[in-house]
Amino acid sequence: MARTVSISIAVVCAAFLGVPAAQAPQAPTFEVDPFWPKPLGNHWLFGSITGVAVDARNHLWVVHRGAASLNARTEIGLAASPATAETCCLPAPYVLQFDSVGKVVSHWGGPGLGYDWPQSPGGLTVDAKGNVWIAAAGADPAPGGRGRGAPSTGLGSGTETAPPTDAHVLKFASDGRFLLQIGKPGKVEGSDGTSGLHRPTAVDLDAAAGEVYVADGIVNRRVVVFDAESGAYKRHWGAYGSKPDDADIGPYDPAAPAAKQFRVPSCVKLSKDGLVYVCDRRNDRIQVFRKDGTFVKEAFIAKATRGEGSAWSVAFSADPQQRFLYVADGSNQKIWIVDRQTLATVSSVGAGGRGPGQFYGVGSVAVDGSGNLYTGETYEGKRLQKFSFKGMGRPSPPVSKEPR
Amino acid sequence: MTTVPTRRTLVIGAAFAAAIGLLAVAERLLVREASAQPTVQAPRFAVDPFWPKPLPNGWVLGMTIGVGVDSNDHVWIVHRADTVGAVEGAADQIPPTATCCRKAPPVLEFDPAGNLVGHWGGAGEGYEWPLSNHGIFVDLKDNVWIGGNDAKDAHILKFTKQGKFLMQFGHQGKTGGSNDTTTFGRVAKIYVDPKANEAYIADGYGNKRVVVIDADTGKFKRFWGAYGAKPDDTNLGPYDPAAPPAKQFRTPVHCADLSNDGLVYVCDRPNDRIQVFKADGTFVKEAIIAPKTLGDGSTWDVAFSKDPQQKYLYVADGKNEKVYVLDRQSMEVLTSFGDGGRQPGQFFAVHSIATDSKGNIYTTETYEGRRLQKFVFRGVGPVPRDQGTVWAR
């Protein structure tokens with residue numbers, strides 16, 4: 001049975017009511033490092049960043065949308081033919097690996113033999129063997145076309161023939177060598193399909209079971225699980241663990257009863273204790289499942305958020321219990337800190353803006369072994385930022401004002 | 001347990017040692033290369049990543065299209081609030097789609113610590129707010145001047161520091177070309193000479209000239225085109241680096257700033273050059289900067305160093321994403337700092353530049369850069385020719 005866990009306001013209020021220090025609620029605290037990462041070099045620019053992940057060596061991996069999300073006239077004059085600028089700038093390679101001090105240590109990505117590079121990448125994850133998985137999230141059709149993806153990133157002039165819709169997931173070795181592709185661009189299937197996807201947004205791995213979980217996606221409304229080696233279909237489910245239904249449920253209404261279907265499942269993440277966290281982005285919620293798809297609980301995040309919604313992606317805190325869930329919210333420009341047991345929002349990091357520690361379109365989040373937080377911004381944010389973990393302390397007010 | 005090295009581990013060990021040796025050699029070479037890199041004596045800067053302080057009220061900036069510093073070292077900016085879109089300006093929507101963000105008022109005043117201490121701007125009684133505001137200047141009488149570069153903007157506005165409307169020169173939609181003596185054509189920037197009480201107008205995106213007006217009455221005093229000649233509005237076509245230097249300015253004429261020794265520095269942006277004139281419009285000299293730059297051009301705005309001689313000229317280049325440091329006498333580019341990117345000290349379309357009394361530099365970015373940044377002056381010293389991103393550590 002579906003059980004909604006309401007967000008406890010009490011935890012939040014206690015911080016402001018002079019509760020003795022010993023009893024005061026504690027939350028992870030962070031401080032932005034304005035000088036991380038180091039300048040990319042080569043006059044490279046990030047496009048809209050869609051995925052970040054930390055590998056076993058505490059290296060940070062990022063994937064971004066490259067030239068298609070950068071302004072050809074004003075931003076990447078060195079890439080024009082003839083070049084319109086003398087010294088700057090160029091799109092960085094799609095996939096970059098940073099060491100812990102923030103230096104680029106490798107880069108690759110783009111079209112190659114034997115696989116279909118995404119029209120536009122989505123989430124990225126690194127598995128226990130160091131392989132890099134990328135969801136092919138696709139781009140919205142040109143203005144006027146059909147589709148319900150993220151706001152335009154400048155892709156598509158509307159004059160050229162539209163490329164086949166992204167409907168696949170890619171697996172590469174850490175050096176960029178192609179290993180596996182699940183699905184095929186253009187070969188879309190609905191939410192009950194067993195061989196096709198439709199603009200998947202994110203992936204995560206269950207190393208022990210050898211399974212890959214896919215959030216599918218911008219068009220489909222489900223989580224689907226495949227064998228991580230063969231790509232063979234295993235199982236799938238929709239919101240509340242039920243059979244997904246692709247019927248149009250219209251735009252999100254904060255006042256309406258909770259939707260029975262996902263509206264853009266935009267992340268999937270497995271905790272160490274075997275739970276599956278799914279971002280139901282445009283429904284402003286996180287749904288939690290067992291690995292077999294049994295619904296466990298859900299939590300709403302900034303429930304009044306409309307448009308792209310509040311729950312874009314998640315990461316777990318670095319403690320063995322993974323006590324906290326960090327939720328990237330590219331609409332309210334925050335990382336929400338959520339108690340993983342109660343699913344209460346206890347604190348937050350960030351605000352809107354283009355200064356260090358501020359966000360525009362913070363859509364991806366990852367945590368390293370020391371508990372430091374990394375964020376990637378899409379839209380015109382186009383930054384990778386690091387927030388150093390500063391231990392447990394007084395929470396920031398998580399909800400100053402809900403939109404009315 | 002004691003391990004006896006096997007032949008294999010010895011081989012690996014030897015290879016490792018050799019590799020270390022190679023690394024050491026490589027490192028020495030790198031050090032030599034670094035120390036051999038030519039340096040030059042020039043003002044040094046480091047970005048202050050935490051200046052200004054976060055704006056209140058969830059306010060965000062649109063294209064930030066002008067910066068000026070007043071006599072109290074307060075920093076003034078003007079930005080295009082209406083360029084904040086529905087996604088970023090979610091809290092401004094009806095109903096709001098998220099708790100953040102809202103567009104900040106167009107004119108913002110910061111104290112030296114980076115606190116927002118004043119804000120105003122937008123439509124009001126008795127004047128025509130520009131459809132696309134452009135450039136801000138605070139004169140020594142504490143008047144705030146603003147231009148506008150929309151196709152219909154043909155006027156200049158003057159306010160008090162509190163935002164009280166004082167004067168409007170010219171009218172929206174009424175332009176008469178580069179030889180007209182009562183109208184303007186999409187003004188980019190204003191600079192007021194307190195001694196002569198004259199305002200120098202970079203005019204602009206429509207016209208191709210510098211105009212000097214009486215700062216109180218707005219009466220035209222003189223104007224000139226490139227090389228001090230009569231301006232001509234004939235379309236020159238796009239800039240071609242291989243062609244002889246253009247005899248006319250190409251639009252936009254983007255700045256016209258006066259030095260203490262009475263010279264006027266004009267940004268002829270798409271022509272990639274700064275032209276220098278006497279105050280009466282007599283041509284003195286020019287400097288070509290990054291001449292292969294096409295499109296928007298390389299010379300977006302200028303500011304002077306704060307030593308009494310104004311020994312250095314700072315030129316913002318929003319196409320190559322850097323600030324050039326020129327020797328003002330020789331007009332030689334000594335060094336440059338900055339690079340493309342969204343991190344502190346990097347730029348996307350660095351549009352405007354100003355200096356305070358301590359020699360610190362402030363920049364604003366248009367397009368999707370949309371930031372105000374501060375570069376702290378760290379004295380004159382040896383710097384490489386291309387400094388890249390200037391971080392203190």
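Summary table
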quantity	calculated
Those residues of the stretch A:65-75 which are in contact with a Ser or Thr (Cβ under 9 Å, 6 or more places away or on another chain), crowded, with 24+ Cβ neighbours inside 10 Å and within 10 Å of chain B (Cβ to nearest Cβ), in sequence order	A:Leu70
Residue in the stretch B:336-353 that is open to solvent by 10 Å² or more (accessible area, probe 1.4 Å) and more than 14 Å from every other protein chain (Cβ to nearest Cβ) present	no
Near pairs, Cβ below 9 angstrom, 6+ apart or cross-chain, from the stretch A:377-389 (at the interface with another protein chain (Cβ under 9 Å from one of its Cβ atoms)) to any residue that is open to solvent by 10 Å² or more (accessible area, probe 1.4 Å) and modelled with pLDDT under 95	A:Tyr379/A:Ala150; A:Tyr379/A:Pro151; A:Tyr379/A:Thr153; A:Glu380/A:Thr153
A:Thr305 buried (at least 21 other Cβ atoms within 10 Å of the Cβ), of a type outside the set (Gly, Ala, Ser) and at pLDDT 95 or above	yes
B:Asn57 being open to solvent by 70 Å² or more (accessible area, probe 1.4 Å), modelled with pLDDT of 55 or more and on the phi > 0 side of the Ramachandran plot	yes
Residue in the stretch A:250-257 that is in contact with a strand residue (DSSP E or B) (Cβ under 7 Å, 6 or more places away or on another chain), among the hydrophobic types (A, V, I, L, M, F, W, C) and either within 26 Å of A:Val346 (Cβ to Cβ) or in contact (Cβ under 8 Å) with a residue 40 or more places away in the chain (or both) present	no
Matching residues, the stretch B:253-271, being in a loop (DSSP other than H, G, I, E, B) and either open to solvent by less than 10 Å² (accessible area, probe 1.4 Å) or under 11 Å from B:Glu286 (Cβ atoms) (or both)	B:Ser259
Yes/no for B:Pro308 being more than 30 Å from A:Ala67 (Cβ to Cβ), of a type outside the set (A, V, I, L, M) and in contact with a Ser or Thr (Cβ under 6 Å, 6 or more places away or on another chain)	no
Residue count for the stretch B:229-249, restricted to those that are within 24 Å of the chain's Cα centre (by Cα) and either open to solvent by 50 Å² or more (accessible area, probe 1.4 Å) or closer than 12 Å to B:Val210 by Cα (or both)	6
Members of the stretch A:23-64 found to be within 14 Å of another protein chain (Cβ to nearest Cβ), outside any loop (DSSP other than H, G, I, E, B) and surrounded by 24 or more Cβ atoms within 10 Å (Cβ to Cβ), listed by number	A:Leu45, A:Ile49, A:Val62, A:His64
Selected residue [more than 22 Å from B:Thr181 (Cβ to Cβ) and within 14 Å of chain A (Cβ to nearest Cβ)] from B:Pro308, B:Pro270, B:Pro244	B:Pro270
Any hit, the stretch A:89-98, residues being among the hydrophobic types (A, V, I, L, M, F, W, C), touching a helix residue (DSSP H, G or I) at 6+ places or on another chain (Cβ under 7 Å) and outside any strand (DSSP E or B)	yes
Only listed residue being free of Cβ contacts under 8 Å to residues at least 40 places away in the same chain and outside any strand (DSSP E or B), chosen from B:Lys158, B:Lys195, B:Lys141	B:Lys195
Out of B:Val276, B:Val264, B:Val284, sole residue that is free of Cβ contacts under 8 Å to residues at least 40 places away in the same chain, in contact with a Leu (Cβ under 8 Å, 6 or more places away or on another chain) and more than 29 Å from A:Ala72 (Cα to Cα)	B:Val284
Residue satisfying condition, being at pLDDT below 95 and out of contact with any His (no Cβ under 8 Å at 6 or more places or on another chain), within set B:Arg393, B:Arg378, B:Arg371, B:Arg385	B:Arg393
One residue from B:Thr299, B:Thr389 being among the hydroxyl-bearing types (Ser, Thr, Tyr), within 13 Å of another protein chain (Cβ to nearest Cβ) and in contact with a Cys (Cβ under 9 Å, 6 or more places away or on another chain)	B:Thr299
Only listed residue being closer than 13 Å to B:Pro252 by Cα and aliphatic (A, V, I, L, M), chosen from B:Ala226, B:Ala196, B:Ala154, B:Ala215	B:Ala226
Test: residue in the stretch B:67-76 that is over 30 Å from B:Thr335 (Cβ atoms), open to solvent by less than 60 Å² (accessible area, probe 1.4 Å) and modelled with pLDDT of 95 or more	no
Scope the stretch B:311-328; condition assigned to a loop (DSSP other than H, G, I, E, B) and more than 14 Å from every other protein chain (Cβ to nearest Cβ); matching residues	B:Lys311, B:Arg328
All positions within the stretch A:88-110 that are within 14 Å of chain B (Cβ to nearest Cβ) and either more than 20 Å from B:Gln346 (Cα to Cα) or open to solvent by less than 40 Å² (accessible area, probe 1.4 Å) (or both)	A:Cys88, A:Cys89, A:Pro91, A:Ala92, A:Leu96, A:Phe98, A:Gly102, A:Val104
Subset tally (residues that are open to solvent by 20 Å² or more (accessible area, probe 1.4 Å) and out of contact with any helix residue (DSSP H, G or I) (no Cβ under 8 Å at 6 or more places or on another chain)) for the stretch A:282-298	6
Selection status of B:Asp280, of a type in the set (D, E, K, R) and open to solvent by 10 Å² or more (accessible area, probe 1.4 Å)	yes
Only listed residue being aliphatic (A, V, I, L, M), over 30 Å from A:Asn71 (Cα atoms) and either at pLDDT 95 or above or open to solvent by 10 Å² or more (accessible area, probe 1.4 Å) (or both), chosen from A:Val349, A:Val338, A:Val362, A:Val327	A:Val338
Residue match in the stretch B:357-379 (condition: among the acidic types (Asp, Glu) and more than 9 Å from chain A (Cβ to nearest Cβ))	no
A:Ser271 vs. criteria surrounded by fewer than 24 Cβ atoms within 10 Å (Cβ to Cβ), under 20 Å from A:Ala136 (Cα atoms) and of a type in the set (S, T, N, Q)	no
Qualifying positions in the stretch B:158-177 - among the charged types (D, E, K, R) and over 22 Å from B:Val138 (Cα atoms)	B:Lys174
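Residue-wise test of (1) of a type outside the set (Lys, Arg); (2) surrounded by 23 or more Cβ atoms within 10 Å (Cβ to Cβ).
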| site | (1), (2) |
| --- | --- |
| B:Ile288 | yes, no |
| B:Ala303 | yes, yes |
| B:Arg328 | no, no |
| B:Ser357 | yes, no |
| B:Asn360 | yes, no |
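The values are calculated or read from the model by the stated rules, or taken from the named source; none is laboratory data. Small disclaimer: the values here were computed from a predicted structure and weren't measured. Please note: Cβ atoms are built from the backbone with ideal geometry, for glycine as well, and neighbour counts cover all protein chains shown. Just the protein is used for accessible areas: all its heavy atoms, side chains included, with ligands, DNA and RNA removed. Shrake-Rupley method; radii C 1.70, N 1.55, O 1.52, S 1.80 Å.
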